[in-house]
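Asker: The structure's right below; bear with me while I get my questions together.
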Amino acid sequence: MASEWLTPAVVALLAGGAGSAVTTIVRARVDWRKARLEEDRQPVELENVFIGGAEKAVQALQVALDRAESTIGRLERSLSERDEKLQERDRKIAELEQDLTNTLARLARLQERCEQLTARLADLRADDRPTLGDR
Amino acid sequence: MPAPANDTTEEALMRRFLPLADHPFELLFGVIAALGGAVLVVSGAAPASINATLPIVVVRAWGIVQAAAGALIVSGIITRYWRPALLLLGLRLERAGLWPLAAACAVYAVVAVVHAGPRAMYPGGVLMVIAAACVARARAVSRLEATIRKYVGGDGWRVSG
């Protein structure tokens, strides 16, 4: 009959399950007692855990800061290059403006000279007419 | 998770226990195992296949193991949400309950198939799958505990970080 092997198998299964449960609970209890003892005796170790965590956090922050610093440096370099290009462009514009001013001034002088010559020519013509009339 | 200031006590309690729905299978199988095992131990009303094939002492032991497994699983899951600082204790209680529940389910599956033959293949298969799921969950919980202890620095009892 099947029950000949069934009962021992069932007992073994149940014992295995119960044993695992008891082992887990006993181990949890042992860990708890150990943790309590360590808490009572060596609070410094707990502080070291926190300090170690803080150190790791600071290191991670340091790495992040280094990365941010290199990014800022790269951006600053590209900004200064762009500034130089802008200054060069401004300088060229200023030179062109200066050339334009000089040209306008020269043009004004030539126009003034031209007006003077026109006026003188008119004066000369006016001077010539009475002379002819006198003849 | 701090509750808003205008929460009533009932709302805060509900919010605290709402995440229990994250583990419906573990929780509900734990509840059914605890209740079923307790009823079996108290009244002795075991299933027919179990009664017919096993001695009464083993039947009682099966009921006790089942009830204890269910109680451990439920208490483990509730502990985690009731006191989040006792996360590792809750996981350990749940793991402690999963192994005996796997054993109890496997026992029922084997007994049902032996007693009823091929007619019991489907319930036997379902029970064996539940047992396998219990073992898989126990292993997953074990790995989770190890990960928490490694990264958070739990001391085996409380989560210290």
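Asker: Between a first residue in the range A:52-63 that is modelled with pLDDT of 90 or more and a second residue that is surrounded by 10 or more Cβ atoms within 10 Å (Cβ to Cβ) and assigned to a helix (DSSP H, G or I), which pairs have beta carbons less than 8 Å apart while being 6 or more apart in sequence or on different chains?
Answerer: Close Cβ pairs (under 8 Å, with a partner that is surrounded by 10 or more Cβ atoms within 10 Å (Cβ to Cβ) and assigned to a helix (DSSP H, G or I)) do not exist here.
Asker: Kindly state which helices (runs of 4 or more DSSP H) lie completely within the range B:4-89 and contain at least 1 residues that are modelled with pLDDT of 90 or more, of a type outside the set (Phe, Trp, Tyr) and out of contact with any Asp or Glu (no Cβ under 8 Å at 6 or more places or on another chain).
Answerer: Those helices (runs of 4 or more DSSP H) span B:24-43, B:56-82.
Asker: From the list B:Ala131, B:Ala136, B:Ala102, B:Ala146, which one is at pLDDT 95 or above and under 18 Å from A:Thr23 (Cβ atoms)?
Answerer: One residue alone meets the criteria, B:Ala102.
Asker: Condition (residue is within 13 Å of chain A (Cβ to nearest Cβ), in a helix (DSSP H, G or I) and under 17 Å from A:Val10 (Cα atoms)) applied to the range B:141-151: is it met by at least one residue?
Answerer: The answer is no; no qualifying residue exists.
Asker: Another one. Quick check on my filter: what residues within the range B:86-101 are among the aliphatic types (A, V, I, L, M) and more than 8 Å from chain A (Cβ to nearest Cβ)?
Answerer: Matches in the range B:86-101: B:Leu86, B:Leu87, B:Leu88, B:Leu91, B:Leu98.
The values are calculated or read from the model by the stated rules, or taken from the named source; none is laboratory data. What you see is a predicted model, and the numbers here were worked out from it, not measured in a lab. Note that each Cβ is placed from the backbone with ideal geometry, even for glycine, and that neighbours are counted across all protein chains shown.
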